[in-house]
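Novice: After the structure tokens below, expect a handful of questions from me.
Every number in this text was worked out from the coordinates using simple rules, so none of it is lab data. These figures come from a predicted structure and were not determined experimentally. All Cβ positions, glycine included, derive from the backbone under ideal geometry; neighbour counts span all protein chains shown.
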Amino acid sequence: MSGPLLNWIKEIRERYAHPGKLAKKGVLGMNRRNISYISRYNPRHLYPLVDDKLQTKQMVLEAGVTAPDLIGVIREQHEVKDLATLINGVHGFCIKPAHGSGGKGIMVITRSDEDGFHKTNGQIANLSDLERHVSNILAGLFSLGGKADVAIIESLIEFDDCFTGYTYEGVPDTRVIVFKGFPVMAMMRLSTSDSNGKANLHQGAVGVGLDIGDGTALRAVQFDQPVLLHPDTGTNLYTLKVPHWEELLMLAASCYEMSGLGYLGTDIVLDRQKGPMLLELNARPGLSIQVANGEGLVPRLRQIEALGNKHKMSVAQRVAYAREHFSRKG
């Protein structure tokens with residue numbers, strides 16, 4: 001189990017002074033997640049579709065799902081020289097490894113001018129810096145196991161102004177756990193100076209649990225401790241409300257049919273022009289979403305399992321069911 005989850009379990013045990021209360025809280029642990037949900041509902045032959053970001057991108061584009069545009073792909077070292085042509089005239093873009101994890105190896109360029117390429121942290125890179133970064137990606141510097149990788153260049157996400165003050169430098173994203181096509185739990189991940197602009201909770205990003213019913217904030221944590229204000233901007237995190245909420249949940253729920261995975265995490269961003277956009281899929285989503293929500297996943301997963309396969313629901317019906325039955329404000 002992750003550090004935040006272990007600390008939360010310890011907090012619950014201390015609060016209730018009885019281990020049985022932990023089970024009543026419905027906390028999903030790593031072993032149970034792996035055996036009862038990932039192994040059971042995620043066919044292994046489908047893993048490459050989400051473990052390889054390039055395959056994910058191709059699947060998403062073929063399905064017509066809204067996602068950042070693919071500018072280009074660099075597979076071999078001799079192709080690194082083509083980078084300048086690929087990004088020529090592009091206002092902003094993102095370079096990422098196909099097999100990276102935890103935000104490693106992602107370089108975001110917000111704009112370019114005569115001074116160079118401007119990164120989210122204010123630093124300016126030149127073309128040689130970008131080519132060196134792509135070469136490092138191909139060499140496997142950021143991939144799992146250090147295996148040779150592929151560099152993907154995507155269009156820049158223009159995150160919605162409604163999140164100004166809720167995040168530091170990076171683009172905020174919404175993680176939704178989808179089980180058998182039902183969105184069962186959600187949180188927003190907000191970057192901080194501690195996380196170096198990355199939306200990774202283990203590196204210090206803020207996790208805000210979201211009510212499935214309306215996308216409003218329920219609880220906020222950083223380094224597994226409850227927080228009220230964003231550590232860098234001072235914005236009250238409990239005033240957060242994600243717009244286009246139904247559309248966002250519809251996008252997340254539709255990933256069930258698209259990917260064939262029964263238990264998955266969907267990472268969705270809100271673009272200023274295009275609205276909700278699918279960023280990534282994860283066949284082994286982490287468990288810290290329970291910490292952000294202050295609630296366990298097990299009761300919701302069991303409720304969906306109890307429905308069986310008798311009633312075939314559309315995406316809209318599954319979203320409506322989740323909003324009605326899993327809202328904390330009902």
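Novice: Explain nothing, just compute: Karplus ³J(HN,Hα) = 6.51 cos²θ - 1.76 cosθ + 1.60, θ = phi - 60°, for every residue of segment 274-280 in order, whole Hz, x for Gly and Pro.
Specialist: 9, x, x, 10, 6, 9, 8
Novice: Among all stretches of the chain without exposed GluC sites (Glu not before Pro) (DSSP loop, at most 12 other Cβ atoms within 10 Å), which one is longest?
Specialist: The answer is 115-330.
Novice: Among Gly29, Ser259, His99, whose Cα lies farthest out toward the positive end of the dipole of the chain, if unit charges sit on the beta carbon of Lys, Arg (+1) and Asp, Glu (-1)?
Specialist: Gly29
Novice: What is the Cα convex hull volume of segment 153-230 when expressed per residue in Å³?
Specialist: 123 Å³
Novice: Which value in Å does the Kirkwood hydrodynamic radius of segment 132-182 take, with 1/r averaged over all unlike C-alpha pairs and then inverted?
Specialist: Values: mean 1/r = 0.0696 Å⁻¹.
Result for segment 132-182, one decimal place: 14.4 Å.
Novice: Packing-wise, with mean Cβ within 10 Å as the measure, how do 179-187, 193-201 rank, highest first?
Specialist: 179-187, 193-201
Novice: Once label points are set 7 Å from the Cα along Cα→Cβ at both Ala139 and Arg44, what is their separation, rounded to one decimal in nm?
Specialist: With each label placed 7 Å out from Cα toward Cβ, I get 3.3 nm.
Novice: Here's another thing I want to ask about it. Starting from 0.36 nm per residue, how many nanometres of slack lie between Asp115 and Tyr238 once their C-alpha separation is accounted for?
Specialist: Additional length available on full extension: 40.3 nm.
Novice: Using just the Cα positions, wrap segment 87-127 in a convex hull and report its mean projected area in square nanometres, one decimal place.
Specialist: Orientation-averaged projected area of the Cα hull: 3.2 nm².
Novice: Compute the distance in nm between two label points, each set 7 Å from the Cα along the Cα-to-Cβ direction, one at Glu158 and one at Arg302.
Specialist: With each label point 7 Å from Cα toward Cβ, the separation is 4.8 nm.
Novice: Using a simple charge model, +1 on the beta-carbon of Lys and Arg, -1 on the beta-carbon of Asp and Glu, nothing else, what dipole does segment 69-155 show about its Cα centre, in debye to the nearest 20?
Specialist: Charge dipole of segment 69-155: 340 debye, to the nearest 20.
Novice: If N is the number of residues in segment 264-303, what value comes out of its Cα radius of gyration divided by 2.2 N^0.38 Å?
Specialist: Working: Rg = 13.0 Å, N = 40, 2.2 N^0.38 = 8.9 Å.
For segment 264-303, the normalised Cα radius of gyration is 1.46.
Novice: Given R₀ = 35 Å, what would the calculated FRET efficiency be for Met30 paired with Asn88, taking r from the Cβ atoms and rounding to 0.05? Can you show the working numbers first?
Specialist: Numbers: r = 46 Å, r/R0 = 1.30.
Given R0 = 35 Å and the Cβ-Cβ separation, E is 0.15.
Novice: For the pairs Lys57/Lys147; Lys147/Lys274; Lys274/Lys329; Lys81/Lys119, flag any whose C-alpha to C-alpha distance is greater than 31 Å. Don't jump to the answer; show the numbers that get you there.
Specialist: Values: Lys57/Lys147 20 Å; Lys147/Lys274 35 Å; Lys274/Lys329 29 Å; Lys81/Lys119 21 Å.
Flagged as over cut-off: Lys147/Lys274.
Novice: If you don't mind, there's one more thing I want to ask. Over all directions, the average projected area of the alpha-carbon convex hull for the chain comes to how many nm²?
Specialist: 16.9 nm²
Novice: Calculate for the chain the 222 nm mean residue ellipticity that helices alone would give, adding -39,500 (n - 2.57) per DSSP H run of length 4 or more and normalising by residue count, nearest 500 deg cm²/dmol.
Specialist: Numbers: 10 runs with 94 residues, N = 330.
That calculation yields -8000 deg cm²/dmol at 222 nm.
Novice: Quick check on packing: order 123-129, 36-42 by the mean number of other C-beta atoms within 10 Å, highest mean leading.
Specialist: 36-42, 123-129
Novice: Then there's this: Over the Cα atoms of segment 69-155, what radius of gyration and what Dmax do you get, in Å?
Specialist: Final numbers for Rg and Dmax: 12.1, 38 Å.
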